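Worksheet for the structure shown next.
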Amino acid sequence: MTALLGVELTDRPVLVVGGGPVAARRAQALADEGARVHVVAPHVCEPIADLVVAGRARWSDREVLEADLDGVWLVHTATGERATDTAVVGWATARRVFCVDAGGPRRPAAGTARTPATTLAGDVLVGVVSTTGADPRRSVRVRDRLAAHLRAGDVDLRRRRPAPDRGRVVLVGGGPGDLGLLTVAGRRALAEADVVVADRLGPTDVLDELPADVEVIDVGKSPGHHPVPQDEINRILVEQAQRGRVVVRLKGGDPFVYGRGGEEVLACRAAAVPVTVVPGVSSAFAAAAAAGIPLTHRGVVGAVHVMNGTDGWSGAALTGLRDRSCTVVVLMGVAALPGLVRDALTGGVDPDVPVAVVERATLPDQRVTWAPLHEIAAVAAARGVRAPAVVVLGDVAAPDLLDAPVDDTDPGTATMDA
């Protein structure tokens with residue numbers, strides 16, 4: 001019977017016998033784990049030579065000797081020569097040193113240890129081996145199925161023992177709202193979370209899928225109502241991580257697109273709390289796509305400007321809209337829409353520039369309101385448009401844009417039918 005055992009090899013000597021591709025893979029993996037790798041072979045392939053040049057392994061260009069096993073913690077033999085591999089296994093067994101024998105297509109492996117097919121999820125390493133003789137292909141197939149399960153975030157990966165020095169924060173961009181647009185990396189981060197600090201927007205339905213004992217802290221903001229100010233959110237993230245917990249800050253859209261993620265990263269770094277960022281699908285782009293609006297379109301416009309509606313027009317956005325050189329996407333612009341329209345018209349923007357307002361993008365109750373610039377504020381008010389919504393201004397927002405062939409002078413480029 002084979003038992004799985006995690007072995008700590010950091011800064012410990014290991015021996016790899018052989019210089020071919022199989023030996024190279026083993027040497028690379030051992031070097032990645034921090035082992036002191038010694039390769040013995042008359043000739044080596046390029047990947048091993050690269051390890052040697054980089055100082056991550058040393059190479060003895062000769063046949064293996066029994067003395068090469070003195071003082072090592074683990075041996076991998078992969079010469080492909082039955083006599084040599086068998087001798088190495090015998091020497092290792094006599095010294096009570098575990099030895100992995102790569103075997104070959106015409107003979108079974110004869111070592112005292114096996115290298116599992118592994119997959120990594122966070123800080124959890126999962127390995128698969130056969131209990132009755134090495135069967136690498138079967139192990140890889142099983143490993144790949146397990147990896148897919150882990151990547152989907154379907155497994156509770158939280159630590160069960162206190163780890164005060166392992167606290168960390170992960171900023172997760174949850175996307176515009178549809179749970180299917182939460183990334184695989186985001187789901188995996190949630191599977192490791194002890195605490196989730198959640199916004200009002202984004203894929204909030206995922207919170208219902210978390211284990212019951214995951215703490216959820218609601219810090220959601222709505223227009224004109226910020227019950228938990230940003231400084232307090234920063235404090236919560238730092239304090240929870242300092243207690244040794246894995247903290248996921250679940251945000252709508254992308255953390256770095258008007259999500260104040262940069263401020264949260266700075267707060268964590270100032271407190272020496274490890275912090276990473278998982279990008280998300282920004283509503284600035286997803287809302288337009290969900291409404292069938294191409295933000296750039298050949299022959300129409302090739303640039304996009306994203307702005308915060310509460311800040312008012314920037315010179316660049318107003319100029320781009322006035323000369324029809326870019327699409328303008330406005331986030332947090334519903335309440336500011338009448339003022340934005342007034343200032344755009346005063347600034348010389350064509351009153352007939354098309355505008356679309358996309359409410360609750362990607363969700364089942366998504367709604368799109370279309371009108372030219374000079375009418376959009378009144379039409380939106382009449383329809384009761386409410387946040388969250390994304391405003392798209394420019395020629396690409398014309399509702400019949402994709403009903404017409406592409407205006408393209410490029411020879412050989414086909415037009416696009418509706």
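A few remarks follow.
- Prolate/oblate/rounded call for the range 244-380, Cα gyration tensor, a/c under 1.5 rounded: prolate
- A straight chain from L207 to R12 at 0.36 nm per residue would run longer than the Cα-Cα distance by 65.8 nm.
- Centre separation in Å (Cα based) which lies between the range 303-358 and the range 163-195: 33
- Under the simplified labelling scheme, the C45-L363 pair shows an inter-label distance of 5.3 nm, with each label point 7 Å from Cα along Cα→Cβ.
- Relative contact order (percent, whole number), the range 168-281, Cα cutoff 8 Å, 6+ residue spacing: 44
- At 0.890 mPa s and 25 °C, Stokes D of the range 1-86 from Kirkwood alpha-carbon radius, µm² per second: 189
- The ratio of the alpha-carbon radius of gyration of the range 168-281 to the globular-protein estimate 2.2 N^0.38 Å is 0.95.
- Simple Cβ-charge dipole of the range 168-281, Lys/Arg +1 and Asp/Glu -1, about Cα centre, in debye nearest 20: 360
- When only Cα pairs below 8 angstrom with a gap of at least 6 residues are kept, the range 260-349 shows a relative contact order of 23 percent.
- Distance between the modelled labels on E66 and A382, one decimal in nanometres: 9.7 nm (7 Å Cα→Cβ projection).
- Prolate/oblate/rounded call for the range 278-340, Cα gyration tensor, a/c under 1.5 rounded: oblate
- Using only side-chain charges placed at the Cβ, +1 for Lys and Arg and -1 for Asp and Glu, the dipole size of the range 285-402 relative to its Cα centre rounds to 200 debye.
- Which of W370, A284, T319, positive extreme of dipole for the range 261-418 (C-beta unit charges): A284
- Pairwise label distance in nanometres, R260 with R298, each label 7 Å out on the Cα-Cβ vector: 4.3
- Extension gain, A316 back to V216 (0.36 nm per residue minus Cα-Cα distance, nm): 32.0 nm
Values quoted throughout were computed directly from the atomic coordinates according to the rules given, and no laboratory measurement underlies them. Just so you know, these numbers come straight off a predicted model, no measurement behind them. Please note: Cβ atoms are built from the backbone with ideal geometry, for glycine as well, and neighbour counts cover all protein chains shown.
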